1. First select every other residue whose beta carbon is under 10 angstrom from the beta carbon of T512; then total the charges, Lys and Arg +1, Asp and Glu -1.
2. Give, as a single signed number, the net charge of other residues whose beta carbon lies under 14 Å from the beta carbon of A89, with Lys and Arg counted +1 and Asp and Glu -1.
3. Output the 0 to 90 degree angle, nearest 10, between the alpha-carbon long axis of helix 409-433 and the longest principal axis computed from the alpha carbons of the chain.
4. Please compute the modelled spin-label separation between W31 and R373, points set 7 Å along Cα→Cβ, answer in nm with one decimal.
5. Put +1 on the Cβ of each Lys and Arg and -1 on the Cβ of each Asp and Glu in the chain; which of S220, G293, G249 then has its Cα farthest toward the positive end of the dipole?
6. Do you know the relative contact order of the chain, to the nearest whole percent, from alpha carbon pairs under 8 angstrom that are 6+ apart?
7. Beyond a 24 Å Cα-Cα separation, which of these cross-linked pairs lie in this structure: K115/K365; K131/K328; K53/K365; K285/K381?
8. For R215, which sequence-distant residues (separation of 5 or more, or a different chain) have an amide H within less than 5 Å of its own amide H, given hydrogens modelled in the peptide plane?
Amino acid sequence: MNAPVPPSEPLFTEGWEDTAPAGLAAEPPAWEEPIPLGQARALPPFPTDALPKWLGAMVDAVAEETQTPADLAGGMALAALSTACGGRAVVSVRGRWREPVNLYLVTALPPGNRKSAVVALMSAPVLAVEKTLVERANAQIAEAEVTAKLARSAAEKAAQKAANADPDHQDKLTADAISLAQAAEQAVVPVRPQLIAQDVTAENAATLLAEQGGRLALMSAEGGGIFDIIAGRYSGKPNMDVFLQGHAGDMLRVNRQGREAQFIEAPALTMGLAIQPSVLEDIAKVNGFDGRGLLARFLYAVPESLVGYRNLEPDTVPDEVADAYAEKIRTLTLAMAEWTDPAVLTLSPEAAAVMLQHRTQVEHKLRKGGPLRPIAEWASKLDGAVARIAGLLHLADHPHDGYATPISADTLTAAARIGAYYTAHALTVFDAMGADPALAKARTVLAWLQANPADSHTKREIFRAMPSGAFPAVTDLDPALALLEDHGWIRQEPQPLRTSRGGRPPSPRYQTHPQLTRLTT
């Protein structure tokens with residue numbers, strides 16, 4: 001409650017106009033249409049036209065053949081690009097702000113939606129490229145294995161010879177043995193390339209990242225298992241470090257028994273997961289998932305299932321569409337595989353202006369009462385996600401010279417459209433997860449206001465009417481009342497001036513929206 005003020009300074013709450021003549025109460029502002037609490041949102045479809053034409057054509061064709069929402073194939077298309085480019089490029093947004101181009105994507109659909117078929121179709125070209133990379137590496141691996149074996153054998157023989165030598169020659173032979181032992185130690189056999197993994201533990205994921213030069217993708221039609229692993233299926237407690245750092249690109253240290261610690265300077269993990277909707281409810285309950293920001297790193301899609309409304313004789317994916325997709329993914333993956341230091345992608349001046357506009361809009365929506373305030377942690381990463389998507393779309397169009405050609409304003413705009421799509425879905429997902437603790441409590445208060453129509457109620461009246469345990473103290477009502485006020489269902493009346501300082505101050509009174517009285521009349 002506001003502290004008393006001298007009579008010469010009339011007190012009016014924010015939003016009320018202090019324009020009345022002295023001694024008269026100000027007229028309250030007119031009521032605007034209230035915003036429903038947690039209203040069911042009409043979620044937008046995946047914007048396939050924001051993708052490069054060859055990629056959008058594949059997404060639409062796969063969605064048609066499998067009779068699934070384009071959201072699933074769209075998410076897997078972005079995961080395929082992320083697999084091809086992750087760890088090999090960064091987007092220079094502004095100053096020293098650089099975003100890697102790997103993404104975490106989740107699409108939730110009930111059973112029977114052919115998730116496995118979609119994931120298989122969209123990931124097949126990536127697996128084909130992986131096979132090509134393995135075949136190319138086999139000869140190098142074989143040569144390195146023989147070289148390492150010979151080096152170890154020579155070191156062993158030298159050590160034995162030095163051990164049996166007479167004292168006059170032992171020093172020189174010992175030095176030779178040490179030199180050969182060091183050479184044998186440095187004879188490293190490269191591992192076989194691997195782009196995609198599935199059901200791996202956190203420790204396995206860290207090891208694979210170290211072996212694969214810091215890049216790896218987890219793509220699965222049963223992605224709930226990945227969340228089980230992160231939650232501690234094997235360890236008994238959440239193990240999130242590799243998944244947190246693998247998204248952010250922060251240095252990761254891998255300790256493996258019997259071997260020296262390995263450092264991954266900038267890990268780039270990709271996740272493209274299809275899950276059942278119930279998994280979202282389960283992960284919201286895992287202790288630590290939200291507190292450490294893991295859930296804020298995912299781009300969520302919760303499309304409506306087409307089961308029951310599917311065309312049983314759909315068009316199949318045209319060969320030319322599938323071939324173009326496979327060839328483009330192959331070209332991009334092989335081109336980016338040659339990069340050791342990440343390619344730095346820059347924004348054109350026009351794209352930088354689009355990015356600034358997007359950042360400004362997001363920042364305004366994060367204000368108190370803004371539409372993104374309830375998911376502030378997720379939305380705070382939205383600008384970075386848009387930059388990452390823009391980098392992927394740019395490389396999809398410029399696989400060989402993306403570093404030499406700035407990202408265009410059109411590409412940034414397309415990325416922002418995809419970001420807006422994921423924002424709409426994130427609001428629904430986090431609503432279902434209960435990301436805004438005040439929301440459920442605000443609904444409780446709103447239900448009582450609807451059932452007890454009156455022009456106004458005091459805060460104390462509302463508190464006394466609430467179910468037992470819902471609000472342990474009167475102050476616990478504050479977040480719920482603030483949310484209702486932000487949504488336009490109630491507004492606090494100006495506090496009357498107190499003529500004395502004795503006794504308990506009057507309880508704040510809230511006017512109720514006229515709709516609340518009309519709902520029951």
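The values are calculated or read from the model by the stated rules, or taken from the named source; none is laboratory data. Computed from a prediction, not measured in an experiment: that's the story for all the values here. Counting neighbours? That spans all protein chains shown, and the Cβs are built from the backbone with ideal geometry, glycine included. Each accessible area value is taken on the protein alone, full model and side chains, heavy atoms only, with ligands, DNA and RNA left out. Shrake-Rupley method; radii C 1.70, N 1.55, O 1.52, S 1.80 Å.
1. That sum, taken over residues with Cβ under 10 Å, equals 0.
2. -1
3. 70
4. Distance between the two pseudo-spin positions: 2.1 nm.
5. Ranked along the dipole, the leading option is G293.
6. Computed over the chain, the figure is 21 percent.
7. Pairs exceeding the cut-off: K115/K365; K53/K365.
8. The answer is A268.
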